[in-house]
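Q: I have a structure here, written as structure tokens, and I will follow up with some questions on it.
None of the figures in this text is laboratory data; all of them are computed from the coordinates on show. Source: prediction; values computed, not measured. Counting neighbours? That spans all protein chains shown, and the Cβs are built from the backbone with ideal geometry, glycine included.
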Amino acid sequence: HHVPCYSCHYCKHGNETMCPKYYETNLSPCGLSQEYLVPEWNATHGGVLKISDSMSFDEAAMIEPLACCVRSWKKIPHKPGDSVAIFGVGPTGMMHVMLAHAYGLEKIFCLDVNDFRLDFAKKFQITESIKATDENRKNKILEQTSQRGVDVAIVATSSLKALQEIG
């Protein structure tokens, strides 16, 4: 729904969301509307994707959120065998779980306040699903990471409390 210029300082350094053109390319009224106008710039600079006839609209709706997750993984240092703590395992957090597997991370810890989400995350062969309010959460991770903690921490929740947990 936003398209940067791809040629300014910010774009050349992988910070496309800082590009001035990025903010000029809004959809009107917005991308969550049933109908909207796509600026010509967006259409001619890669902002419109043709989806395959075999892809459902529900699947296509996940392209942008998944792209955001992939972009974040490209910006953080990680190696196969590393460990990760994912704070919040809603839809975005679960995409991070799947990407962690795809990138070969070996220990995946999921933290959330929602029992349903934690139970769902267990289906994805994670190391441990931990209630965010568990007073022993830090020790559970330390015990399974040779007392080092995780190599990567991903906050996939809007809860500011999750940011306080990192450290």
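Q: Using alpha-carbon pairs under 8 Å, 6+ residues apart, how would you state the relative contact order of the range 22-106 in percent?
A: 21 percent
Q: Oh, and also: Just check the range 92-157 against the gyration tensor rule for me: Cα atoms, a ≥ b ≥ c as the square roots of the eigenvalues, rounded for a/c under 1.5, and otherwise prolate or oblate depending on whether a/b exceeds b/c.
A: oblate
Q: If I stretch the segment between GLN144 and LEU27 completely, what's the gain in nm (0.36 nm per residue apart, minus their alpha carbon distance), one decimal?
A: Extending this stretch completely gives an extra 37.5 nm.
Q: With contacts defined as alpha carbon pairs under 8 Å and 6 or more residues apart, what's the relative contact order of the chain in percent?
A: 17 percent
Q: Contour minus end-to-end for SER52 and ALA102, with contour as 0.36 nm per residue of separation and end-to-end as the Cα-Cα distance?
A: 15.7 nm is the gain from fully extending SER52 to ALA102.
Q: Can you compute the helix-only [θ] at 222 nm over the chain? Use -39500 (n - 2.57) per DSSP H run of at least 4 residues, normalise by all residues, nearest 500 deg cm²/dmol.
A: -9500 deg cm²/dmol
Q: Under a Cβ-Cβ cut-off of 11 Å, what is the net charge of the residues other than LYS79 that fall near it, where Lys and Arg count +1 and Asp and Glu count -1?
A: Working: positive: none; negative: ASP82, GLU106, ASP151.
Spelling it out: positives minus negatives among the neighbours equals -3.
Q: Still on this model: Count the lysine pairs in the range 24-167 whose Cα atoms sit under 15 Å apart, keeping only pairs 8 or more residues apart in sequence or on different chains.
A: Step by step, the pairs that qualify in the range 24-167 add up to 9.
Q: While we're here: Looking at the chain as a GNM with Cα springs under 10 Å, which of GLN34, GLN125, GLN144 has the largest mean-square fluctuation?
A: Looking only at GLN34, GLN125, GLN144, the biggest GNM fluctuation is shown by GLN34.
Q: While we're looking at this one, here's another question. Using a Gaussian network for the chain with springs between C-alpha atoms less than 10 Å apart, which of these wobbles most: ILE108, ILE63, ILE130?
A: Greatest mean-square fluctuation among the candidates belongs to ILE63.
Q: Output ³J(HN,Hα) for the range 6-23: one whole-Hz value per residue in order, computed from phi by the Karplus curve 6.51 cos²θ - 1.76 cosθ + 1.60 with θ = phi - 60°, and x for Gly and Pro.
A: For the range 6-23, the Karplus curve yields 6, 10, 7, 3, 5, 4, 5, 9, x, 10, 4, 6, 8, 5, x, 5, 3, 7 Hz.
Q: Report the GluC sites (Glu not before Pro) located in the range 1-101 that are in a DSSP loop and have at most 11 other Cβ atoms inside 10 Å of their Cβ, or state none.
A: Here the sparse-neighbourhood loop sites are GLU35.
Q: Let me ask something else about it. Of the listed values [x] 1.03; [y] 0.96; [z] 1.28, grab the one calculated as Rg/Rh (Cα atoms, Kirkwood Rh) from the structure here.
A: [x]
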